[in-house]
Amino acid sequence: MTLKRLSRREFLKASAFVVPAISLPGCLGTRMSPGGKARPNLVFILADQWRAQSTGYAGNTDIQTSNLDGLSGESVKFTTAVSGCPVCSPYRASLLTGQYWLTHGIFYNDKPLSSEATSIAQAYNQAGYDTGYIGKWHLNGHDKNTALAESRQVFIPKDRRQGFGFWRACECTHDYNNSLYYADTDERLYWNGYDAIAQTQEAIRYIREHKSGSPFALFLSWGPPHDPYHTAPQKYQERFNDLGKLTLRPNVPAAKANDARKDLAGYYAHIAALDDCVGKIVRTLQECNIEDNTIVVFTSDHGDMLYSQGQTSKQRPWDESILVPFLLRYPAKLGNKGKVVDVPINTPDIMPTILGLSSVDIPQSCEGKDYSAVITGAEKRVVEKAALIMCPVPFHQWNYKKGGREYRGVRTKRHTYVRDIKGPWLLYDNDRDPYQLTNLCCEPKYRDLRTWLDKLLNEKLEETNDRFLTGQEYMRLWDYEWDRDDAPIKT
């Protein structure tokens, strides 16, 4: 199906934050793919701000992730899973559309995602799936006539849900123990206790109710381990009371060591709680006897610097910000032995890859690459040499006043190369320098490497129609208003 592609301005002007529902052609509900095989279910588990370095299977000895560690042994494990625009709304928009950030226009938090593209939920709906979404959404947008905090609490009508049927979600909250959500009406509901645990229980109920009949695609989107860090249930916080035992990454400055250990303790407590939730989901699939024919994905929207490089939060181009965990288990098609894939996979690639594994048609509006043949072993070639990373507009926790800058770069399985508006900025050999302590960008002996990586970057920019403009220009082109104190400093 071909949908009319409105310009962003046409969309914003016409919709006023209410997008008309799209009528998609019907498809008879069936578990069978065109090849006669049973279509798999999907359980997509999305954490918020969980960096790749913070799992036991990645070598972190401080963390407690026994369930994820077990899952990794049965999964395809992407070791270079990249959040190409590492911040909340931009990631989610690319996850749901398979598009790059300057195509769908969500390169800044709290902007409304249009319905120009066919979403992953709509693609599954067309294939006869039931679809569901539980947890944090963050794609409805900020009405300029409403305070930001209030916009993040509004009811999201069905025509703003990108095709998802079952709905237990809130735009955005990190008040994990007093967490608002909505179902199909504007009645304000609250999760019981720590929201991730309650949301997991709701996901379990959904799985049990949908274990037979039409296949389902369920997205479970948690708020933790995103800060505030010290709000996990007490029993998890108590596991990390001895701050002196927590190991810091070598790229954390000594002056930030105490702050880093304090935040890590709370961050790890959230992670321990979420790991238990992963275990409950996996056990439920086993108990329902559908684990073999269910694709389970565990990943995150971006990482967290946690004082590496002296930085906090996300948006930055360093590995703690851009690399995320990515596990994919599908026993019926992939077996139950773990497999490592080290080629870079970027956020827009997730949608076509999962649809490919599900034998569901990939929409023409999707821009990402389908890795399903690489995962199954049917395709041996490297799909991509590099993942594009970017910050079109620095904002909020990394706005201009806080040192934020526009950048474009590439992350290969070995190297990181980044340009800002002025020119080459960062170059790391991540094999020899895994903590990115030595910037090689200006070293003469790495000139040929830099030239090659610069060529890769230029190819990516051409492929994605990216002219690498300033943040101010993109804000003007998309008719966006600056939030808080994000506007550039006037000189």
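Just so you know, all these numbers are worked out from the coordinates, no wet-lab data involved. Since the model is a prediction, treat every value here as computed from it, not as a measurement. Please note: Cβ atoms are built from the backbone with ideal geometry, for glycine as well, and neighbour counts cover all protein chains shown.
Here are a few things to note about the model shown:
- Counting every pair of alpha carbons in the range 335-416, the share spaced more than 14 Å apart comes to 70 percent.
- Peptide ranges 190-200, 455-465, 311-321 listed from the most packed, as the mean C-beta count within 10 angstrom indicates: 311-321, 190-200, 455-465
- Quotient of the Cα radius of gyration of the range 387-477 and 2.2 N^0.38 Å, N being its number of residues: 1.12.
- Annotation for the range 329-386 versus the range 387-408: alpha-carbon center distance of 29 Å.
- Checked against a 20 Å cut-off, the cross-linked pairs LYS235/LYS262; LYS280/LYS314; LYS402/LYS422; LYS144/LYS401; LYS314/LYS401 give Cα-Cα distances beyond that limit for LYS280/LYS314; LYS144/LYS401.
- For LYS445, the lysines whose Cα comes closer than 20 Å to its Cα, not counting residues fewer than 8 places off in the same chain, are LYS455.
- In terms of the mean number of neighbouring beta-carbon atoms within 10 Å, the peptides 220-230, 399-409 order highest first as 220-230, 399-409.
- Rounded if a/c under 1.5, otherwise prolate or oblate - the range 262-394, Cα gyration tensor axes: oblate
- Globularity index of the chain is 0.92 (Cα radius of gyration / 2.2 N^0.38 Å, N = number of residues).
- The protection proxy used here, the mean number of other Cβ atoms lying within 10 Å of each residue, ranks peptides 65-74, 236-245, 285-294 as follows, highest first: 65-74, 285-294, 236-245.
- Rg over Rh for the range 135-222 works out to 0.98, using Cα positions for both radii and the Kirkwood form for Rh.
- Least to most buried among HIS396, HIS142 (fewest other Cβ within 10 Å first): HIS396, HIS142
- Cα shape, the range 195-317, gyration tensor, a/c 1.5 rule: prolate
- For the chain, the 222 nm mean residue ellipticity estimated from helices alone, with every DSSP H stretch of n ≥ 4 adding -39500 (n - 2.57) and the total spread over all residues, rounds to -8000 deg cm²/dmol.
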